[in-house]
1. Would you check if there is a residue in the stretch 151-158 being within 16 Å of the ligand (Cβ to nearest atom) and out of contact with any strand residue (DSSP E or B) (no Cβ under 6 Å at 6 or more places or on another chain)?
2. What are the residue pairs meeting all of these: first residue in the stretch 90-114, first residue free of Cβ contacts under 8 Å to residues at least 24 places away in the same chain, second residue assigned to a strand (DSSP E or B), Cβ atoms under 8 Å, and 6 or more apart or on different chains?
3. Restricting to the stretch 119-175, count the residues that are without any contact (Cβ under 8 Å) to a residue 24 or more places away in the chain and touching a helix residue (DSSP H, G or I) at 6+ places or on another chain (Cβ under 6 Å).
4. Can you name the residue in the stretch 160-186 that is loosely packed, with under 14 Cβ neighbours inside 10 Å and within 25 Å of residue 36 (Cα to Cα) and is also farthest from the ligand (Cβ to nearest atom) among such residues?
5. Where in the stretch 92-183 are the helices (runs of 4 or more DSSP H), entirely inside, with at least 3 residues that are at pLDDT below 95 and closer than 18 Å to residue 27 by Cα?
Ligand SMILES: [Zn+2]
């Protein structure tokens, strides 16, 4: 089961899962994202790849954590002086991965794949390897199931994530069909928000290495 947002990282994870497992399903969390297009994008990709897609209503998150990902009147900003960015929702991955675990239990999936990563700019505590390992133990204990959480991107930078997509022959697919932009612009995005900057920087870096 792939935790899937329709973005670059989770789409690369989807292809990773398709390489490693014979049966793959995706789960997307609807938390009233700033841009409903994010859910549409996730739906389009799973339909295209003929992957069973579950969408879970997580709009309650909005009650707990008003922030730039869900409120369009809050600007998306990188944190200054070590502060977390305005896109931070405390405990978001804790909640999402716990629900992914429950759904995995229900449909009999053992392996949970998530695109969290320690190397990106955000520093969200619940994207760190230590947290994922801890949650893996907690999920196993809470449901008495031998779940395995996989994090194929944990130690990769953006250029290396592009390289992985390219290894699967899916660089163009990921580049053209996914959405990471905070302004809701698909593929190469608005080119101005922090997510677009990071994505384009990684792509440029990867393509330079590839050409040389
Ligand atoms: Zn953008």
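The values are calculated or read from the model by the stated rules, or taken from the named source; none is laboratory data. Keep in mind the model is a prediction, meaning the values are calculated, not measured. Here the Cβ is made from the backbone with ideal geometry for all residues, glycine too, and neighbour counts use every protein chain on show.
1. Going residue by residue through the stretch 151-158, those that are within 16 Å of the ligand (Cβ to nearest atom) are 158.
Right, trim to out of contact with any strand residue (DSSP E or B) (no Cβ under 6 Å at 6 or more places or on another chain) and you get 158.
Yes, the stretch 151-158 contains at least one residue that is within 16 Å of the ligand (Cβ to nearest atom) and out of contact with any strand residue (DSSP E or B) (no Cβ under 6 Å at 6 or more places or on another chain).
2. From the stretch 90-114, no pairs qualify.
3. Summing the residues that are without any contact (Cβ under 8 Å) to a residue 24 or more places away in the chain and touching a helix residue (DSSP H, G or I) at 6+ places or on another chain (Cβ under 6 Å) in the stretch 119-175 gives 1.
4. We begin by selecting, within the stretch 160-186, every residue loosely packed, with under 14 Cβ neighbours inside 10 Å; these are 167, 169, 172, 176.
This time we only want the ones that are within 25 Å of residue 36 (Cα to Cα), so: 172, 176.
Numbers: 172: 19, 176: 15 Å.
This residue is 172.
5. Numbers: elements: 92-107, 129-143, 158-167, 171-177.
So the answer is 92-107.
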